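Enquirer: Following this message is one structure expressed as structure tokens.
The values are calculated or read from the model by the stated rules, or taken from the named source; none is laboratory data. Just so it is clear, the structure is predicted and the values come from calculations on it, not from any experiment. Here the Cβ positions follow ideal geometry from the backbone for every residue, glycine too, while neighbour counts run over all protein chains shown. These area figures cover heavy atoms from the full protein model, side chains too; ligands, DNA and RNA do not enter into them. Shrake-Rupley method; radii C 1.70, N 1.55, O 1.52, S 1.80 Å.
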Amino acid sequence: MENLNELANVAVLAAKEARNTVKKFIESGFKIDMKGPANLVTEADLAAEKIIVETIKKTYPEHSFLGEEKVKAETNAENLWVIDPIDGTTNFTHDVPVVGISIAFSHKGEVVVGCVLNPFTDDLYLAIKGKGSTLNDKPIKVSSAEKISDSLIATGFYYGLGNDLNVSLDVIKTLIDKECHGIRRMGAASIDLCYVASGKFDAYFELKLNCWDFAAGMLLVREAGGIITNPAGIDLTLNDSQLIASNTSVHPHILAILNERKSS
Ligand code: LIP
């Protein structure tokens with residue numbers, strides 16, 4: 001495998017190039033299309049994905065790419081870049097500044113570099129396997145909350161969530177009954193995971209995501225000392241779609257609530 005620091009440098013460079021492109025669209029305006037009911041895509045998403053792929057290919061022409069918009073390699077490709085050019089497109093179209101340019105590198109199915117850049121705030125989250133997670137070059141770590149009643153918890157709802165929407169709402173109600181500090185729905189899974197990694201949120205769960213939404217954030221959480229699993233409690237992989245991320249201490253409590261609600 002290539003050198004991890006070099007991979008991270010290329011990920012950051014590509015994220016910054018995409019950030020510059022996205023900022024131009026923020027200033028000039030952009031065309032919005034619908035991919036499906038309530039599922040938006042903009043000119044900025046397409047242009048940002050293109051520039052990310054082009055930038056990475058300059059260093060790694062042989063690598064594979066899996067992105068939200070156009071590039072569609074398999075998750076088991078040996079050297080794979082997993083890209084969400086604008087995670088939080090709905091926020092973006094409404095000028096809500098909670099958006100992540102999310103870029104991860106996976107080697108033989110394992111994410112080893114993850115980078116999330118918010119083009120509105122310029123906050124840059126970076127994780128390298130075995131070397132920790134940082135926010136703007138400063139180390140970050142997950143929170144120390146031990147109970148639901150000490151926790152601020154985030155979630156999200158996919159378009160067309162079906163019955164899982166009821167499960168999510170039931171879990172939220174239970175968490176409120178258990179006197180959590182609050183529930184947040186930010187609208188960008190990558191940012192939710194960065195917030196778990198940096199200890200702002202104690203946990204985050206969502207029941208239908210694509211791997212480009214969480215690939216980078218998954219490593220950020222792990223390298224910051226947290227845990228990210230599927231509802232069975234098994235370490236998350238790029239092939240999962242339901243996830244719980246936390247500081248580790250509150251994980252079993254949230255898993256138990258989720259599984260109870262799923263089976264009732
Ligand atoms: C979105 C997520 C959001 C989730 C949506 C969607 P997009 O990504 O990050 O938090 O709830 O279902 O997947 O489509 O804006 O890149």
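Enquirer: Residues of the stretch 80-129 being closer than 14 Å to residue 26 by Cα, buried (at least 24 other Cβ atoms within 10 Å of the Cβ) and away from the ligand (no atom under 11 Å from the Cβ), which ones?
Expert: Hit for the stretch 80-129 is 119, nothing else.
Enquirer: If you go through the stretch 161-186, how many residues are touching a strand residue (DSSP E or B) at 6+ places or on another chain (Cβ under 9 Å), open to solvent by less than 70 Å² (accessible area, probe 1.4 Å) and touching a residue at least 24 places away in the same chain (Cβ under 8 Å)?
Expert: Total meeting the criteria: 7.
Enquirer: Another question, if that's okay. Condition test on residue 185, is it over 13 Å from the mean Cα position of the chain (by Cα) and not hydroxyl-bearing (Ser, Thr, Tyr)?
Expert: yes
Enquirer: Please indicate, with yes or no, whether at least one residue in the stretch 192-214 is under 21 Å from residue 159 (Cα atoms), open to solvent by 10 Å² or more (accessible area, probe 1.4 Å) and away from the ligand (no atom under 12 Å from the Cβ).
Expert: no
Enquirer: Considering each residue of the stretch 26-41, count those that are loosely packed, with under 10 Cβ neighbours inside 10 Å and aliphatic (A, V, I, L, M), and give that number.
Expert: 1
Enquirer: Against the condition open to solvent by less than 10 Å² (accessible area, probe 1.4 Å) and β-branched (Val, Ile, Thr), how does residue 153 come out, does it pass?
Expert: Yes; evaluated as a whole, the condition is true for this residue.
Enquirer: Is it true that residue 69 is in contact with a helix residue (DSSP H, G or I) (Cβ under 7 Å, 6 or more places away or on another chain), near the ligand (Cβ under 10 Å from one of its atoms) and either open to solvent by 20 Å² or more (accessible area, probe 1.4 Å) or among the aromatic types (Phe, Trp, Tyr) (or both)?
Expert: Here the answer is yes, as residue 69 does meet what is asked.
Enquirer: Just the residues that are within 16 Å of the ligand (Cβ to nearest atom) and under 19 Å from residue 224 (Cβ atoms), please, taken from the stretch 136-178.
Expert: Within the stretch 136-178, 153, 154 meet the criteria.
Enquirer: On to the next question. Given the criterion at pLDDT 95 or above, over 20 Å from the mean Cα position of the chain (by Cα) and open to solvent by less than 30 Å² (accessible area, probe 1.4 Å), identify the matching residue among 55, 59.
Expert: After ruling out the rest, the residue left standing is 55.
Enquirer: Assess whether residue 143 counts as being in contact with a strand residue (DSSP E or B) (Cβ under 8 Å, 6 or more places away or on another chain) and at pLDDT 95 or above.
Expert: no
Enquirer: With respect to residue 48, is the statement that it is modelled with pLDDT of 95 or more and within 14 Å of the ligand (Cβ to nearest atom) true?
Expert: On the way: modelled with pLDDT of 95 or more: yes; within 14 Å of the ligand (Cβ to nearest atom): yes.
In short, yes.
Enquirer: Of the residues that make up the stretch 222-231, is at least one charged (D, E, K, R), more than 16 Å from the ligand (Cβ to nearest atom), closer than 29 Å to residue 139 by Cβ and open to solvent by 10 Å² or more (accessible area, probe 1.4 Å)?
Expert: Yes: one or more hits.
Enquirer: Could you please find all residues in the stretch 129-161 being among the basic types (Lys, Arg) and in a loop (DSSP other than H, G, I, E, B)?
Expert: 129, 131, 141, 147
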